[in-house]
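**Q** I'd like to ask some things about the structure below.
The values are calculated or read from the model by the stated rules, or taken from the named source; none is laboratory data. Being a predicted model, the structure only gives us computed values, none of them experimental. Reconstructed Cβ throughout: ideal geometry from the backbone, glycine too, with neighbour counts over all protein chains shown. These area figures cover heavy atoms from the full protein model, side chains too; ligands, DNA and RNA do not enter into them. Shrake-Rupley method; radii C 1.70, N 1.55, O 1.52, S 1.80 Å.
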Amino acid sequence: MREWFKNIGGRRIGKIACACVLTFALLFSLCSACVAKKQPDQISYVIGISQANMREPWRLVLTQEIREEAAKHSDVRLVITDATDNSEKQIADIQKLLDFGVDLMIVSPCDVKKVTPVVSDVYQSIPVIVLDRVVEGYDYSLFIGPDNELIGKQAGKSVSQMLNGKGTVLELCGSSASQASIDRSEGFSSIIDETGDIQVEQVHVVSESRDSAEDIVRAYGTHLRDIDAIFAHNDYMALGASRALEQLGYEDIRIVGVDGFTGENRGIDLVRRGIIDETITCPTGGREAVQYALEILQEVSGVPKQVILRSHSVTKENADAYEAGLNRSYEEPDKIIDVGYAQVGTESAWRLANTQSIKTAAKEFGINLIYEDCNQSQERQIEALRRFIEMDVDVIVLSPVVDSGWDEILEEAQEADIPVLLSDRKVSTKKDDMYMTFIGADFLEEGRRAMRWVAETMEDPEECVRIMEIEGTVGASPSEERSQGFKEVMQEYPNCDIVYSSCGDFTYEGGKQVVEEYINSHDWDIDVIFSQNDDMALGAAEALENNGITPGVDVKLISVDGARSAFEALIDGRLNCVVECSPLLGPQLMKAIKDLMAGKELPLRIITDEKVYTQENAQKYIRSRKY
Ligand code: AHR
């Protein structure tokens, strides 16, 4: 934190005066700012909060959670500003917080587009946590928020069950400019469309308030005869809708809301009293924001880039259990935790570093790791999981070699009451409660970044660019998503085309073979090679050199991972760009296991922090590489 503030209780009288003047100035200039407690001699950190508004109930809960969590730390002070939903005011607030000298800023943006460049500027000087609505790009320390599309899907499933797949739903959306509302609608429709026999009538409630929702539903009058259920994008609108239905005497229309807060007339209370049928919880992330803020300020390693919070469906049946879970106290287990870990194999430098990180972290956290190298075989992974179930381990961690084919074994783990965590790669299962959390990278974004680099370094945007893609293991989430992300950005560049794509299985030999096979059957006509990992890229580079083609010069070579060997190749000019994918998942994974065993709820996804490296900056970073 700024020294004048940190040492304010010491001999720095001038700085005390300065701090006082600034404190008063700030209190006067920010109409809704507040500095939580006084006793400046105990202050270690000052956290600035730029809130989009203090009007919406969801944001009031968010602010309250931030205050409650910060109050647990006597050396933390908050300075909170209210942008009153005005982006210009929010930009001014952020600047004032920065001038004030806060150590870290938490921003919940009103308008993502307008606030993005300001957040990006702040991030150059202090850490920034973005809450709820993600800004564009990655110029922030951490994003914490819900998965609104998933919330919409959860609501869709509930409504479709309530109606037995047939009927008409009135959807009370938020403002058409609200990304959260757009995402919820998309998720909702994706499920409803599958039923084929449910119609949806959408209405936008611009203010998203209870009273407007009540007026709108009341105005429906006799038309409500045709409505079987209402999906309201928040519980306040759900309450408004319920009031209108009561006044008009429609008792059978089912209502699903979103937010699920506790307290009078909030979602859980409404469900319990039968005023609405169900609420899908939408956590604010306020507590997590303060916890991570402290980790960032204390320079704890392995803080993720994105934390996506979990939502629950709450009905009358599980409302008590849900609320009890919120108030549960956490206790460290007094036994050593046994963790069965089914690793993919040893196919790449990335994998070796990943295994090392997990083994080291397990030791540091005092966890008993039962490690199985499954040699790139799903069958072996399933066998390993069965052994772990027989051993009755406390937790299973799976790094699945491919996405599909896991339903049966994950159900066996669920029946045995053994939680499963996913590390590095994802699974696609029929049910979405088959694992506790996913900890790993954003593979889609890695693919996008690779193609963005191609676009940025294109000499002539008119000239045709012929691309070879060397894919990783078929059916593995990094292969599919990297490819998808790359193609998504490539669509914007009609002059670029993937003319050849083949699998190298994430190995050095695999990459080499793909290039050799191409050279043996074609005249060399490739401008760019996008290799989905370093090992395949380095194998490809060797094959090119063996055939008189200079990698990095005659053909641009891009890879993913960022192992030391790739950095050396960047420095030697054999590679042009490396999109980072961090294998150092051990500390986050062990922390999640400990949290889970202590009874805490884990986020839905924990996404790692990653960068892009080129020949220009490789030398600067190679010394600090940890793998
Ligand atoms: O799942 C992560 C991928 O698997 C890495 O990018 C690759 O090198 C590894 O084998």
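**Q** Looking at segment 246-275 only, could you name the residues that are crowded, with 24+ Cβ neighbours inside 10 Å, under 28 Å from THR222 (Cα atoms) and touching a strand residue (DSSP E or B) at 6+ places or on another chain (Cβ under 6 Å)?
**A** ILE255, VAL256, GLY257, VAL258, GLY267, VAL271
**Q** Now, a different point. From the list GLY267, GLY286, GLY274, GLY249, which residue is away from the ligand (no atom under 16 Å from the Cβ), at pLDDT 95 or above and in contact with a Phe, Trp or Tyr (Cβ under 9 Å, 6 or more places away or on another chain)?
**A** Details: GLY286 fails: in contact with a Phe, Trp or Tyr (Cβ under 9 Å, 6 or more places away or on another chain); GLY274 fails: in contact with a Phe, Trp or Tyr (Cβ under 9 Å, 6 or more places away or on another chain); GLY249 fails: in contact with a Phe, Trp or Tyr (Cβ under 9 Å, 6 or more places away or on another chain).
Result: GLY267 is the single residue among GLY267, GLY286, GLY274, GLY249 that is away from the ligand (no atom under 16 Å from the Cβ), at pLDDT 95 or above and in contact with a Phe, Trp or Tyr (Cβ under 9 Å, 6 or more places away or on another chain).
**Q** Output the qualifying pairs, or none if there are none: Cβ atoms under 6 angstrom, residues six or more apart or on different chains, first residue in segment 251-264 and of a type in the set (Val, Ile, Thr), second residue modelled with pLDDT under 95.
**A** That search, which allows pairs on different chains as well, returns THR262/GLU323.
**Q** Another question, if that's okay. Sort out for me the helices (runs of 4 or more DSSP H) sitting completely within segment 382-500 that have 3 or more residues that are within 15 Å of the ligand (Cβ to nearest atom) and touching a strand residue (DSSP E or B) at 6+ places or on another chain (Cβ under 9 Å).
**A** 443-456, 477-490
**Q** Any residue in segment 561-583 that is more than 20 Å from TRP453 (Cα to Cα), at pLDDT 95 or above and assigned to a loop (DSSP other than H, G, I, E, B)?
**A** Yes; the residues of segment 561-583 include at least one that is more than 20 Å from TRP453 (Cα to Cα), at pLDDT 95 or above and assigned to a loop (DSSP other than H, G, I, E, B).
**Q** For segment 568-601, which positions are hydrophobic (A, V, I, L, M, F, W, C) and surrounded by 21 or more Cβ atoms within 10 Å (Cβ to Cβ)? Break it down stepwise before answering.
**A** Filtering segment 568-601 down to residues hydrophobic (A, V, I, L, M, F, W, C) leaves 569-571, 575, 577-579, 581, 584-585, 589-590, 592-593, 596-598.
Passing the criteria: ALA569, LEU570, LEU575, CYS577, VAL578, VAL579, CYS581, LEU585, LEU589, MET590, ALA592, ILE593.
**Q** Got a sec? Which helices (runs of 4 or more DSSP H) wholly within segment 77-166 have at least 2 residues that are within 25 Å of THR281 (Cα to Cα) and of a type outside the set (Val, Ile, Thr)? Outline the logic, then answer.
**A** On the way: elements: 87-100, 112-123, 148-162.
Hits in segment 77-166: 148-162.
**Q** Further question: Kindly indicate whether ASP460 is surrounded by fewer than 21 Cβ atoms within 10 Å (Cβ to Cβ), out of contact with any Asp or Glu (no Cβ under 6 Å at 6 or more places or on another chain) and not assigned by TED's automatic domain parsing to the domain that holds LYS512. Show your work before the answer.
**A** Working: surrounded by fewer than 21 Cβ atoms within 10 Å (Cβ to Cβ): yes; out of contact with any Asp or Glu (no Cβ under 6 Å at 6 or more places or on another chain): yes; not assigned by TED's automatic domain parsing to the domain that holds LYS512: no.
Judged against the criteria, ASP460 is not a match.
**Q** With more than 16 Å from the ligand (Cβ to nearest atom) and assigned to a helix (DSSP H, G or I) as the only criterion, which of GLU517, GLU509 stands out?
**A** Among GLU517, GLU509, only GLU517 is more than 16 Å from the ligand (Cβ to nearest atom) and assigned to a helix (DSSP H, G or I).
**Q** Moving to a separate point now. Sort through GLN298, GLN343, GLN306 and tell me the only one that's under 25 Å from the mean Cα position of the chain (by Cα), crowded, with 18+ Cβ neighbours inside 10 Å and away from the ligand (no atom under 16 Å from the Cβ).
**A** GLN306
**Q** Of all the residues that make up segment 463-472, how many are touching a helix residue (DSSP H, G or I) at 6+ places or on another chain (Cβ under 6 Å) and either open to solvent by 10 Å² or more (accessible area, probe 1.4 Å) or more than 18 Å from VAL579 (Cβ to Cβ) (or both)?
**A** 1
**Q** Here is a follow-up. Please go through segment 413-448 and give me each residue that is under 11 Å from VAL489 (Cβ atoms) and open to solvent by less than 30 Å² (accessible area, probe 1.4 Å), ordered by number.
**A** Within segment 413-448, GLU445, GLY447 meet the criteria.
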